[in-house]
Amino acid sequence: MNKKQIFIQSAFTENAIWSQILGICSALAVTNQMKNSLVMGLGVIFTLALSMLTISAIRSLIPSRVRMMAQTFIIAFYVILVDLFLKAFLPDTSQQLGPYVGLIITNCIIMGRAEAFASKNTPLDSMVDGIGAGVGYTLVLLIISFIREIFGFGAIFGYQVLGSWWTRWSIMVMAPSAFFLLAMLIWITEIRKRKRG
Amino acid sequence: MKEKTNFLESRLYPVVFMIILSAILTLILAFSYQLSKGRVEMYQELRLQTNLLSLFKSEIPELNDKVIKENNPVIMNELYNKYLVSKILANRPDYQYYEFLDNGNTAGYVFPISAKGLWSTIKLLVAIDPEFNQYLGIKIISQGETPGLGARITENWFQEQFTGKVFYQGNSFNKLQLIEENGNPNADQILQITGATVSSKAIVAGIQHDLEILYNQNFSNVKVD
Amino acid sequence: MEINAVVIFFAAIFTSNILLTNFLGMCSFLSVSKEVESSFGLGVAVFFVMVCTTAINYAVYHLIMVPLDIVYLQYIIFIIVIAAFVQLTEMLVERFSPVLYYTLGIFLPLITVNCAILGVSLFMVIRNYSFIQSIAYGGGAGLGWLLAILSLAGIRQKLKLNRVPAGLRGAGITLIITGIMALAFIGFSGIAAIQ
Amino acid sequence: MLEKMFMKQKVMNRVLYSLVPIILYAIYRFGWRVLAVIAITNLFSVFMEYLFVHGQKPGKISGAVWVTGSLLGLILPPSIPFWMAAVGAMIAISMGKMVFGGFGMNIFNPALVGRIFLFISFPKQMGTQWNQPFVGFPGGFVNWTNPQALTAATRITEMSEKGVSGLRDLFLGSIPGCIGEVSSLLIIISALYLVFTKTAKWQPMIGGIGSFLLFSFMFYGADPLYFLFAGGVMFGMVFMITDPVSMPKHKKVIWINSILVGFLTVVIRKFSSFPEGFMFALLLGNTFSPIIEYAFKSKSGRSN
């Protein structure tokens, strides 16, 4: 497989959220605004890319008995870097995301990719795979948050695009809508999969 | 070469590996933390200073919307040092409040106050004149109310309507009342946010409750007869 | 304003259910809720681990991390505490009570990756809870999670014979049920506040 | 044509008959606009169900869709914008019913899923704007809608303290409120009809109303009847808690569930930030009753 194929496979065909139902906690929580989703997505891409690179680079050194522990360590390391960066440069967003940045650590996507790909492949391939998975994840976040923000606030990325005639759907900024929208997304993917055979 | 593989399989190796790994990672983290620390603190201070200063926007000639928007740390810090001074309550050494100075004279106080909203604790700053007669303004610092409903307490019109409302009149505290959003408020009335009675009530009640305690315990001597 | 620990406890169960309003612990919530018995087992295990790790993390945070100024390492340290505690519990349960091990122990490894556990520790720090408040929050959040997964398992049990549209079977319909449960739980809002 | 498209369901027809006087009374009180609201909720319910069953076997639309449509229409405020009524109907049928497998499969009461969706989405239109009822004859029969509106959301608790309306008005229904919820008298008559024709079970009605009265008395002290006739409790206890599909099957669990719903209604009314509690209470009842029923089944299974 070349790098492009790896990327497409992990971003779309095996998209963690809609085809493997992984990492949805944060997918649901930060999608009430597109800006939060984008920042969260970038954080995940960064963490995924670098931790896959690191894990793959030292994969022959990691003793098998503490493999999970070591992987968690490396992931947590990058998550803390992201957290420090957000606190220093995007303090408002950091406050809005609250604990969800820290929860990237327990995001099953990352552990999943580390186990399934990075521990068996070369560093560069792993990094591409990580970026792919992160991009796929960000894409889903942006789709859900787009619907939630346009219905809930009449806005895109905080810019008011629908005028005052628009009746805001407050359910879209609250928890239940996230569940419904994710269900719809999974449904649509399943239907398309079936049609393709 | 042979020795190395032996060590990699030894029982000690995982421990050594983890120690080395965590040492390296922690070292890098400690370094980046030191780098970012100053910036984080600077941001927190800047935000507080901007919030405090914007409460007295009409009284500070150097301050206008453009300056607030630019939010230059140096300018804000200068203005802060010129107009505001932080103080500590005698009976509560952990409670910090602020005094607004106009040409060296006390022209108002600012108190950080928290109110119990529908979903969250709402934190806000309340400015009041030195004799505790009327509110000079309020500023919501943080809140977690329903977006689109309760969270509308951060809209300017809602916060600005407190300016000039009476806190203490004659010999008693004045109770503010809430009326419908599209109504015409008189001097004692606050327009509440439609569909978010709890959040609106929380702010009015929280401000009055905390300020009355502060007045009774620490400031009952400020009245000039 | 100090909030009573009892209020926090009930708020964590009903008004701010960690799963239905904070979306935490979804992965195992979706996969385990097929059967009532295993949901109950996992729920109880989550409750137990949540209370204990919140207490330990509180102590670690205030006695070690704050004095040493290493609060920024909280993610790493909390997750180590949780992993170590789960490991230890698993060993103890296996050695001393084989019965308990087969009913609850098998769920313990699932818990390290349950983000609700780490989430509770992080919320505890963000909201500045005292020790008692933290325990109450941990207990409430655990019970709330148990309540949610049990109700869901009951509904899925009832749903087994239904002709759910093909693409929705499994995760899809479970998310919709969870969404409707979240709608119902909104009814509790305002009864008690969490912070 | 109609027989090809719709299933025949006598039980559902009887529920619809029992709603006719309530709808007529609503027109008298609030004007012809309410009939338009009910027509829209029905139309969009049928449309949504058609989308789901279209092209499938047997491909017929259930008669129950009219019940859901009409019930949803009756628990909306008279001034609800038409498009919101349409959204509510489509959510009710899709999210409340069809995704669970369609007729006879729903876990939650579909009309309530639609109503709560609207209530959470549009709190202003759903909970703060109430039309004043017409008085005297011919009242609403010669009007489209009453322009006089009350824009305050009065908590039921405060209503009794201020004496906004008397017990008699509440009972007869000359009060502002949701389209079908105002007249407790007519609802009781419908309830009797439903019980005597064996269309609906009496146990959940009695259990729910009884527990509601008991707990209102405990929490409020006086006047439990007043709280029963105000708001949507009566309507829900007669037409919604008795929904044969989402209701538990086990006799004892029916009782437990209805008592729980009555209790939760009072708790939510009294302590939460919402003025009305029944809709949330029943949805919570729907959430908890399957697991309660499961517990009962496995217990009796073991003892046998």
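Summary table below
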| item | result |
| --- | --- |
| Candidates per trypsin sites (Lys or Arg not before Pro) in the range D:1-110, loop by DSSP, up to 14 other Cβ within 10 Å | D:LYS8 |
| Whole-Hz ³J(HN,Hα) from phi, Karplus 6.51 cos²θ - 1.76 cosθ + 1.60, for the range D:293-300, glycine and proline x | 5, 4, 4, 5, 4, 5, 5, 5 |
| Three-way shape call for chain D based on the alpha-carbon gyration tensor, with the a/c threshold at 1.5 | oblate |
| Average beta carbon contacts from partner chains per residue of A:59-72, 10 Å cutoff | 4 |
| Relative contact order computed over chain A (Cα-Cα under 8 Å; 6+ residues apart), in percent | 36 percent |
| Highest-fluctuation residue, B:ASN171, B:ASN72, B:ASN184 considered, GNM on chain B with Cα pairs under 10 Å | B:ASN171 |
| Over the protein assembly as shown - Rg/Rh using Cα atoms and the Kirkwood inverse-distance radius | 0.99 |
| Part-to-part distance (alpha-carbon centres) for the range C:1-24 and the range B:109-184, which is given in Å | 26 Å |
| Angle between chain B longest axis and helix B:73-83 axis [Cα atoms, degrees, rounded to 10] | 40 degrees |
| Given charges at beta-carbon only (K, R positive; D, E negative), |dipole| of the range A:78-197 in Debye | 520 debye |
| Rounded Å value of the spacing that divides the Cα centres of the range A:137-197 and the range A:11-73 | 22 Å |
| Shielding of A:135-142 by partner chains, average beta-carbon count, 10 Å | 0 |
| Neighbourhood net charge (13 Å Cβ-Cβ; Lys/Arg +1, Asp/Glu -1) for C:PHE188 | +2 |
| Highest-MSF residue in chain C out of C:ASN17, C:ASN114, C:ASN57 [GNM, Cα springs under 10 Å] | C:ASN114 |
| Mean Cα-pair separation over length for chain B, i.e. relative contact order, pairs under 8 Å, 6 or more apart, % | 13 percent |
| Length-normalised contact order for chain C - Cα pairs under 8 Å, 6+ apart - percent | 47 percent |
| Formal net charge of residues neighbouring D:ILE22 (Cβ-Cβ distance under 15 Å; K, R +1; D, E -1) | +1 |
| Out-of-range pairs (alpha-carbon distance over 26 Å; input D:LYS249/D:LYS299; A:LYS120/B:LYS37; D:LYS198/D:LYS252; A:LYS3/A:LYS193; B:LYS165/B:LYS201) | A:LYS120/B:LYS37 |
| Most to least packed among B:122-135, D:186-199, A:157-170, D:234-247 [average Cβ atoms within 10 Å] | D:234-247, B:122-135, D:186-199, A:157-170 |
| Rounded to 10°, Cα long-axis angle of helix A:175-196 versus longest principal axis of chain A | 70 degrees |
| Estimated [θ] at 222 nm from DSSP helical runs (n ≥ 4, -39500 (n - 2.57)) normalised by residues in the protein assembly as shown, nearest 500 | -19000 deg cm²/dmol |
| C-alpha long axis of helix C:74-96 to longest principal axis of chain C, angle in ° | 70 degrees |
| Centre separation in Å (Cα based) which lies between the range D:170-209 and the range C:76-107 | 54 Å |
| Three-way shape label, the range A:3-192, alpha-carbon gyration tensor, a/c 1.5 | prolate |
| Peptide C:157-168, shielding by other chains (average Cβ, 10 Å cutoff) | 6 |
| Rounded D (µm²/s) - the range D:201-265, Kirkwood Rh over Cα pairs, Stokes-Einstein at 4 °C, 1.567 mPa s | 111 µm²/s |
| Charge sum, other residues only, whose C-beta stays under 13 Å from B:LEU89's C-beta, Lys/Arg counted +1 and Asp/Glu -1 | -1 |
| Tensor-based shape of the range C:108-195 (alpha-carbon gyration tensor, a/c under 1.5 rounded, otherwise prolate or oblate) | prolate |
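Values quoted throughout were computed directly from the atomic coordinates according to the rules given, and no laboratory measurement underlies them. Note that the structure is predicted; figures quoted are calculated from it, not measured. So basically every Cβ, Gly included, is an ideal-geometry build from the backbone, and we count neighbours across all protein chains shown.
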